[in-house]
Amino acid sequence: MKYDWPTELSLKDMREMIGLMNEVALKEMTLGFTEPLNDEDGLALMRAFDADLRRGALELLAVRTDDGEIVGMLTLARAPLPARRHVVDLRRCVIKPSHRGQLLLEGFGQAVRRMAEMGCDVITLEVRDDGPKQLWHRLGFQEYGRLPDYARKNGEPVTGHFMYASRVELEEHFRLTGSWLHTPESVPA
């Protein structure tokens with residue numbers, strides 16, 4: 001696998017990212033849409049994404065196979081206000097189902113290193129009740145809030161969980177254990 005932080009997207013990248021998100025959204029329905037994005041809507045979303053990358057409002061970790069196909073992605077958005085520049089929001093963590101278990105931990109380590117380069121000490125994320133909440137917990141994130149009607153699935157409310165972690169504590173855990181994963185006893189309270 002190759003991990004890179006592109007500052008712009010090619011049309012090929014955009015189409016691969018749309019395909020990746022569609023594959024995951026159809027299987028899990030946790031990305032905010034429950035049917036495939038058509039070409040027009042998908043490209044509009046990717047062009048907005050590309051504009052954010054080009055102006056530095058977003059960082060994208062693209063995980064590629066040896067032939068260059070994007071099979072995973074993760075985005076980081078730094079808080080824009082000066083008093084909150086130490087906070088980064090981890091968004092759009094999407095991994096192709098056939099590649100799960102192969103790149104999450106290395107990709108997470110790449111993201112933590114990038115956050116250090118950005119000068120960010122606090123990482124936040126949002127995850128739905130039907131999403132990988134336990135996985136984020138195992139990676140050292142703690143819940144700080146819930147929104148009972150965060151999203152809707154088939155017209156029914158889905159709870160959203162707001163989570164955070166200290167980058168320094170994550171790095172220290174990795175230094176001491178050699179793993180990003182926390183055992184149940186080591187997960188921060």
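Provide, for q = 0.14, 0.17, 0.18, 0.23 Å⁻¹, the log10 of I(q)/I(0) from a solvent-free Debye sum over equal Cα point scatterers in the range 110-189.
Taken in order of the listed q values, log10 I(q)/I(0) reads -0.51, -0.70, -0.76, -1.05.
Given axes a ≥ b ≥ c from the Cα gyration tensor, I'd like to know whether the range 14-100 is rounded (a/c under 1.5), prolate (a/b larger than b/c) or oblate.
Values: a/c = 1.72, a/b = 1.59, b/c = 1.08.
Note, shape of the range 14-100 comes out prolate.
Which order do Tyr164, Tyr3 take when ranked by solvent-accessible area (1.4 Å probe, heavy atoms of all protein chains), largest first?
Heavy-atom accessible area, descending, gives Tyr164, Tyr3.
When the helix-only estimate is applied to the chain (DSSP H runs of n ≥ 4, each -39,500 (n - 2.57), divided by the residue count), what is the mean residue ellipticity at 222 nm, nearest 500 deg cm²/dmol?
-11000 deg cm²/dmol
Please list the three semi-axes, largest first and in whole Å, of the ellipsoid equivalent to the range 64-132, using sqrt of 5 times the eigenvalues of its alpha carbon gyration tensor.
Numbers: eigenvalues 120, 45, 18 Å².
For the range 64-132, the semi-axes come out at 25, 15, 10 Å.
Test of understanding: what is the full-extension gain from Leu105 to Ala48, defined as 0.36 nm times their sequence separation minus their Cα-Cα distance?
17.7 nm
Considering every pair of different Cα atoms, what Kirkwood radius, in Å, is found for the range 138-185? Walk me through the intermediate numbers first.
Numbers: mean 1/r = 0.0795 Å⁻¹.
Hydrodynamic radius (Kirkwood, Cα pairs) of the range 138-185 is 12.6 Å.
Provide His173, His161 ordered by accessible surface of protein heavy atoms (probe 1.4 Å), highest first.
Reading off the accessible areas and sorting them downward yields His173, His161.
Please list, or write none, the aspartates and glutamates whose alpha carbon is within less than 12 Å of the alpha carbon of Lys96, excluding same-chain residues fewer than 8 places away.
Glu16, Glu23, Glu28, Glu69
Whenever you get a sec, compute what percent of the accessible area on the chain sits on carbon and sulfur atoms (1.4 Å probe). If you can, show how the numbers build up before the last one.
On the way: 5110 of 9940 Å².
The value for the chain is 51 percent carbon and sulfur by accessible area.
The values are calculated or read from the model by the stated rules, or taken from the named source; none is laboratory data. Remember, it's a predicted structure, so these values are computed and weren't measured experimentally. In case anyone asks, the SASA skips ligands and DNA or RNA and just uses the protein heavy atoms, side chains included. Shrake-Rupley method; radii C 1.70, N 1.55, O 1.52, S 1.80 Å.
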